[in-house]
Amino acid sequence: MEKLIRTIDALTKAVGHCFGWTVLVLTAGTCYEVFRRYVLNDPTDWAFDMSYILYGSLFLMAGAYTLSANAHVRGDFIYRRWQPRTQARVDLALYFLFFFPGVLAMVFTGLSYGLESARISEVSVNSPVGVPIWPLKLIIPAAGIMLTLQGVAEVCRCLITIRENQWPARGDDVVELEVTLQEKFGNKEGNAS
């Protein structure tokens, strides 16, 4: 099971890093648009479409990567006080009750939505140049597939945790600032008493 987790995490990380590069393209495109608009007084016809297509792609494809890093926002003021086994049981139930039904709906609905958009070669109605938007719509089911795969890895993590009462280690690609500061400076509150 741990090998499956590592394999899915590696795929998710590679896809997340790949789509992370869209930030540079977004930045360059936006700077170019600002220069053309305010310095040359000649705005582009495509910059608005480019920005929401690339940002949408980044947002969709980063979801599985964020899940693999356990970095989604969570109201964990109660959750963090539970034993890992209890956390895993609750997570497992929530994955099957909410996560998988929602993500599978995203895959199947997004697939028909994206294929229809590609069939008609859909373009943006926001610009006169007709920027194609069907590639963005095809990313919807791809993002759902990536989330489904990562969900399988998370279910495996839950099963291991239920058995061992300890969460398996995650990749060290990105570490939350709070964790880094605690490791560097220690728990100041605990030392004060």
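Residue selection: residue 13 fails the criterion of being over 20 Å from residue 137 (Cα atoms) and surrounded by fewer than 14 Cβ atoms within 10 Å (Cβ to Cβ).
Among the conditions (1) over 18 Å from the mean Cα position of the chain (by Cα); (2) part of a helix (DSSP H, G or I); (3) farther than 18 Å from residue 140 by Cα, the only one that residue 44 does not satisfy is (2). Looking across the stretch 91-144, the residues that are assigned to a loop (DSSP other than H, G, I, E, B) and free of Cβ contacts under 8 Å to residues at least 40 places away in the same chain come down to 120, 121, 122, 125, 130.
For the stretch 96-136, taking the residues that are β-branched (Val, Ile, Thr) and surrounded by fewer than 16 Cβ atoms within 10 Å (Cβ to Cβ), the one that is nearest to residue 151 (Cα to Cα) is identified as 109. Would you point out the residue of the stretch 65-104, among those that are of a type in the set (S, T, N, Q) and within 25 Å of residue 20 (Cβ to Cβ), that is modelled with the lowest pLDDT? Once the filter is applied, the top-ranked residue is 70. Taking the stretch 58-79 as the range and being within 20 Å of residue 133 (Cβ to Cβ) and out of contact with any Gly (no Cβ under 6 Å at 6 or more places or on another chain) as the test, the residues that pass are 58, 59, 60, 61, 63.
So that you can scan it fast, the table gives a plain yes or no per residue for (1) closer than 24 Å to residue 135 by Cβ; (2) loosely packed, with under 13 Cβ neighbours inside 10 Å:
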site	(1), (2)
17	yes, yes
22	yes, no
28	yes, yes
37	no, no
53	yes, no
56	yes, no
81	no, yes
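Looking at residue 16, is it closer than 30 Å to residue 164 by Cα and in contact with a helix residue (DSSP H, G or I) (Cβ under 6 Å, 6 or more places away or on another chain)? When the stated conditions are applied, residue 16 passes them.
Listed by first and then second residue, the pairs with beta-carbon distance under 8 Å, at least 6 apart or on different chains, first residue in the stretch 157-172 and in contact (Cβ under 8 Å) with a residue 24 or more places away in the chain and farther than 13 Å from residue 3 by Cα, second surrounded by 16 or more Cβ atoms within 10 Å (Cβ to Cβ) and small (Gly, Ala, Ser), are 158/88; 159/88; 161/88; 162/88; 167/88.
The values are calculated or read from the model by the stated rules, or taken from the named source; none is laboratory data. A quick note: this is a predicted structure, and the numbers were derived from the prediction, not measured. As a convention, Cβ positions derive from the backbone with ideal geometry for all residues, glycine included, and neighbour counts pool all protein chains shown.
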